[in-house]
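Here is the structure we will look at.
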Amino acid sequence: MADLADRKRPYADDTTPRKAKKAKESKKYDLDVDDEVAEVVNNGAEADSSDDNKAKKSKKDKKDKKDKKDKKDKKERSEKKDKSEKKEKKDKNEKKDKKDKDIKTSPSQQDDNNAANAPYPPENIVFPFYTQTVSLWVPLFPLGFDKPITSAASQHLDGLVNHYAPQLGGYLLAYRNVNLADKAARADPKNPPTDSTPATLTSVDEYAVGFGWMTADVDLFVPSRGAWLEGTVILQNEGAVGVSCWDKFNASIEAARLPKGWQYVEIADVEEDALPLQQTNGEAMDTEEDGETAAPADTESVAPLQATGYWADAEGRAVEGKIRFRIKDFDVGLAGDNGYLAIEGTMLREDEERALRAKERARFASKRDTHGIHGQKVRRLPEFSITQFGKEDEEEESGRRVELYKGSRPGTPDE
């Protein structure tokens with residue numbers, strides 16, 4: 001018992017060990033509870049931290065995905081932009097190359113290339129004939145007051161027929177529907193005015209004449225460079241071909257501007273080539289009168305056109321009849337008392353004509369640089385290219401003539 005008591009209470013009077021043990025045990029229990037609480041708290045904190053980490057990770061993943069998507073989209077946009085820029089650059093280079101090619105081959109050359117296979121001359125040709133209504137402010141002399149329409153036409157239009165009229169801008173072929181009034185008005189073709197129709201004129205100052213507007217329908221031939229003409233071959237020589245256009249106008253085409261393949265054939269050479277054949281066949285080679293060698297049958301049709309030979313086309317056929325050509329150049333002037341119209345033609349295509357003109361300019365420039373030629377060399381036109389109009393109207397001629405002095409004494413040889 002004592003031992004038990006001693007074990008239970010070693011010191012009878014002192015209760016401290018028991019209290020201390022209880023306190024120690026209580027403290028230990030508290031510590032265990034605190035550890036559990038701390039562990040629970042730590043577990044909760046770890047759980048919260050894990051949720052936060054998951055949220056952060058999820059947010060980071062979303063951000064990474066978004067960044068990757070943005071980066072991918074940016075890359076795609078960049079690639080698309082690069083492709084677009086490359087395409088634009090390629091298109092630009094192609095346009096530039098095409099433009100450079102177009103510059104090297106000018107539009108006119110392209111047109112010529114397109115027209116190279118077209119028929120020449122073209123089928124639908126428009127000749128330079130025009131009908132138009134013109135009005136001229138003209139004087140009417142008192143002598144024609146009784147017949148104003150007839151007198152106005154006689155004074156101002158009759159002298160221009162079959163002449164080149166600068167005021168009309170062409171060669172006057174005919175006129176009709178003449179009207180004379182104080183205002184420019186076209187006459188009614190169904191009911192044209194006559195000499196009995198009153199004509200109102202304007203009096204200016206002290207002039208004895210009356211002025212008015214003469215209106216008429218005129219038929220004109222208007223030559224211009226490049227215009228098409230048609231004519232009959234009337235003369236041939238080694239240097240040119242002469243043409244009569246509609247029995248109204250003469251024109252010439254120089255040898256350099258005849259179609260490629262055309263050759264000038266000397267009749268004497270043809271006769272010499274045919275002579276052995278005629279001797280072999282035993283045919284007569286002398287003419288009936290003067291005993292000259294007869295020409296082959298194919299030269300008989302062109303013999304009246306020239307004395308020495310004829311032009312043959314690429315197929316060897318003699319050139320005769322009607323031909324079509326373009327106007328290379330023309331000139332209108334006055335030679336003495338007579339007016340004239342000179343026409344030079346070309347049968348070359350437009351590209352061939354331009355090339356020939358360029359060669360001619362280069363040749364002239366070379367001669368000018370070499371020999372020091374100043375000014376443009378004047379080339380004499382063939383006479384058969386000139387159309388003579390006859391003597392100009394006496395009234396126009398007197399207007400051009402200026403009499404400087406008229407004395408009362410007899411004239412001297414110097415006057």
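Of the heavy-atom accessible surface of the stretch 120-203 (probe 1.4 angstrom), what whole percent is carbon and sulfur?
After summing per-atom areas, the C and S share lands at 53 percent.
At a probe size of 1.4 Å, how large is the accessible area of residue 120, to the nearest 10 Å²?
Taking all protein chains as shown, residue 120 has close to 80 Å².
With every protein chain kept in place and ligands, DNA and RNA left out, what is the accessible area per residue of the stretch 128-195? Probe 1.4 Å, answer in Å².
Per residue, the stretch 128-195 has 54 Å² of solvent-accessible surface.
Counting only heavy atoms of protein chains, what accessible area per residue, in Å², does the stretch 202-264 have with a probe of 1.4 Å? Present the calculation step by step, with values, prior to reporting the outcome.
Numbers: 2700 Å² over 63 residues.
Ligands and nucleic acids excluded, the result is 43 Å² per residue.
On a full-extension model of 0.36 nm per residue, what is the gain between residue 94 and residue 350, subtracting their alpha-carbon distance, rounded to one decimal in nm?
That pair, residue 94 and residue 350, stretches by 89.2 nm at full extension.
Given 328/367; 69/89; 66/90, which pairs have Cα atoms separated by over 31 Å? Before the final figure, lay out the partial values.
Numbers: 328/367 23 Å; 69/89 29 Å; 66/90 35 Å.
Pairs exceeding the cut-off: 66/90.
Can you compute the modelled spin-label distance between residue 71 and residue 196, with each label point 7 Å from Cα toward Cβ, in nm?
It is 11.0 nm.
Using a basic spin-label model with each label point 7 Å from the Cα along Cα→Cβ, how many nm lie between residue 80 and residue 230?
So the two model labels end up 6.6 nm from each other.
Note the full-extension length gain between residue 370 and residue 208 as 0.36 nm times their separation in residues minus their Cα-Cα distance, in nm to one decimal.
Full extension from residue 370 to residue 208 adds 52.1 nm.
The values are calculated or read from the model by the stated rules, or taken from the named source; none is laboratory data. Predicted, not measured: the structure shown is a model, and the values here were computed from it. Quick reminder, even Gly has a Cβ in these numbers, built from the backbone with ideal geometry, and neighbours come from all protein chains shown. Heads up: the accessible areas ignore ligands, DNA and RNA and are worked out on the full protein's heavy atoms, side chains in. Shrake-Rupley method; radii C 1.70, N 1.55, O 1.52, S 1.80 Å.
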